[in-house]
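To keep things clear, I will list the structure first and then write my remarks on it.
What follows is calculated from the coordinates using simple rules that are stated; it is not laboratory data. Remember, it's a predicted structure, so these values are computed and weren't measured experimentally. Cβ atoms come from the backbone with ideal geometry, glycine included; neighbour counts cover every protein chain shown.
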Amino acid sequence: MGIVINGPLKKAIMDSGIIVYSNLEELSKSSYQLTDGEANIKGWPVRNEAGDSVGKVRDLLFDPEQNAIRYVIVELADMGEDLEEKAVLIPIGLANLGEDKKEVILPDIHQDQFRAMPRYIIGEVTPELENQIRSIIGSPAALRMEDEIVEIDRANFYRHHHFDKNSFPEHNPRNQDSDPLI
């Protein structure tokens with residue numbers, strides 16, 4: 001488990017200008033191996049529930065300490081002239097595999113939410129950036145409820161439903177004749 005820094009030490013670190021990065025690695029650059037039933041979704045198209053193109057999967061972001069996938073790295077594209085093309089992090093629990101073909105389906109995230117999402121830069125994921133993503137993606141009602149009940153706690157951050165790996169279905173057996181699993 002990672003180290004959680006709170007209280008005066010946390011304030012001293014923040015005041016010093018030291019940046020604390022999350023210990024996350026791109027799956028393609030890690031030693032993590034997908035298990036039986038886990039699909040290699042790198043390069044798959046990403047669509048919303050309405051079937052509109054969102055972009056494509058660039059990679060997955062992996063937590064080596066917990067041996068868990070945390071995010072899908074999505075290269076946004078074709079989303080309108082006022083939305084820049086950029087890579088963003090989508091929590092793994094929000095992504096679903098298409099039923100009939102190789103594609104990743106996201107909930108209907110509004111363009112304003114994609115616009116507000118921070119650009120993903122390799123090796124520069126911080127707890128603050130992760131909190132920002134969670135705030136942008138979460139529903140306003142859910143965020144108000146969470147803010148009233150509990151402050152975002154880094155020790156339990158990945159226990160949120162956005163990171164529920166079990167909601168990411170296994171590879172669809174109807175697609176077995178295509179790309180092999182890693």
Item to complete: At 0.36 nm per residue, minus the direct Cα-Cα distance, what do Ala77 and Asp112 gain on full extension? Give it in nm, one decimal, please.
Response: 11.2 nm
Response to the item:
Listed with the fewest Cβ neighbours within 10 Å leading, Tyr32, Tyr120 appear as Tyr32, Tyr120
Fill in: Likely footprinting exposure, Thr35, Thr126, fewest C-beta neighbours within 10 Å first
Thr35, Thr126
